[in-house]
1. Find the relative contact order for the stretch 34-172 and round it to a whole percent, using C-alpha pairs within less than 8 Å whose residues are 6+ positions apart.
2. Of GLY246, GLY123, GLY17, which is the most mobile in a GNM of the chain whose springs link Cα atoms less than 10 angstrom apart?
3. Going by Cα centres, the stretch 180-244 and the stretch 260-337 are how many Å apart?
4. Using packing as a proxy for protection, rank 248-259, 332-343 so that the peptide with the highest average count of other Cβ atoms within 10 Å comes first.
5. Quote the FRET efficiency, to the nearest 0.05, computed for ARG344 versus ARG288 with a Förster distance R0 of 56 Å and r equal to the Cβ-Cβ distance.
6. Which residue, chosen from CYS292, LEU179, SER302, occupies the Cα position most advanced towards the positive end of the dipole of the chain, where the dipole is computed from +1 (Lys, Arg) and -1 (Asp, Glu) charges on Cβ about the Cα centre?
7. Once Lys and Arg get +1 and Asp and Glu get -1 on their Cβ, which of MET1, TYR271, SER242 lies farthest toward the positive end of the dipole of the chain?
8. Once you place label points 7 Å from the Cα toward the Cβ at TYR116 and SER219, how far apart are they in nm?
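The values are calculated or read from the model by the stated rules, or taken from the named source; none is laboratory data. Remember, it's a predicted structure, so these values are computed and weren't measured experimentally. Here the Cβ is made from the backbone with ideal geometry for all residues, glycine too, and neighbour counts use every protein chain on show. These accessible areas exclude ligands, DNA and RNA; they are computed on the full protein's heavy atoms, side chains included. Shrake-Rupley method; radii C 1.70, N 1.55, O 1.52, S 1.80 Å.
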Amino acid sequence: MHGIGELNNGEGGRYAGMGNIGIALNRNGFQNTLNPAAITHMDTLCFTFDLGASAAYARYSFLSDNSSSLTGNPNRFSLGFRVLPRWYAMIGASPYSSIGYLIQTEEEIEGDPGAYTYSSFEGTGGLYRCYITNAFALTPQLSVGINLGMVLGTATQSETQESAVVQYESTKKAFYTDLGIYYELADHQQRTWSFGLVFAPSMKISHDNTLTYSNSSTSESLDKSYHSPTQYLPMHIGTGISLHNGHWTTAIDYNYVDWSRNVSSYTSMKYENQHKVNIGGIYATNPRLPRCTEIMGGLGFSNSYINLKNGKMYYLETNIGVSFPIRYSYLSLGATWRKQINSRSNLMQENRFSLNLNLTFGEKISKFKLK
């Protein structure tokens, strides 16, 4: 309801089952959207397509009241390929944030016992990210990359009381970029260590706002533009490390998201800088094969970027998943349970269970591997 909506925690993908970790993962069949430098192990024989969808069930509670929601949406599309021997590229789109709520209230009219006025507050829409990724393998161990794109979308929020409706519609657009570095090395015990670093600067969001008022009982209406506070995409710094050793791959990511450039227009709400920590692992059933079934698991902890009446909200996540090879393709399933942990008991509580389905498949473009 506040800010630019609920941020997308990741875009699912092949490794959604390990908690959307990927800053230090550079693997064949993995369309990495978390680090633009970590796509240089892409299959050079194929155009690689990545399609994903998700569904979620959420249950909310506030004091003695309860509510629930069920949602389902596509959540990613990308196409990756090698341009030149050391140049890799990816084109894609994915959700950046979402707004979806419906709050209904009833209040007794003062001085008229037994009479009530009914109100509803509804929000829909969100922002989407469209991007082009370019990665360059400077050496067999070191890669650098850059994402360039746009974040755009429309947020619609309305307030209804009896026959009067006020609707705020804001079309938002911002330039988006992030930079990445990936490095890997093998030690004397045949283990492979990988390191990743990403940085995205803060970018100003432009607005095109329209306020619409209508009243069915009086035929009154109004349609005009309105001013809203300046908003910015947050500055983001992330780092990750992973270790591959035989059957096992373990990884940990840390992300810092700086919201300090955003100022709230509500006295009861302010922005908080975010800290996110995720740890996960992959077990490959037969690592000697170029493609094999992989089992995943992960844990994550983060705080919300919204602070309501000095009440802080935190999120604890657990993840499990599995990825099946099908010729040049991978079919992946991931499940996530998220629990909201609040600093005060009078803040709304949320429990959410979500499923991610992802298909990564290759379209062969050559009978011979490029050199």
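1. Details: 303 pairs, mean separation 30.0, N = 139.
Relative contact order of the stretch 34-172: 22 percent.
2. GLY246
3. Going from one Cα centre to the other spans 15 Å.
4. Working: 248-259: 19.3, 332-343: 17.8.
The peptides rank, most packed first, as 248-259, 332-343.
5. Details: r = 53 Å, r/R0 = 0.95.
Working from the Cβ atoms, E equals 0.60.
6. CYS292
7. SER242
8. Placing both labels 7 Å beyond Cα along the Cβ direction yields 3.3 nm.
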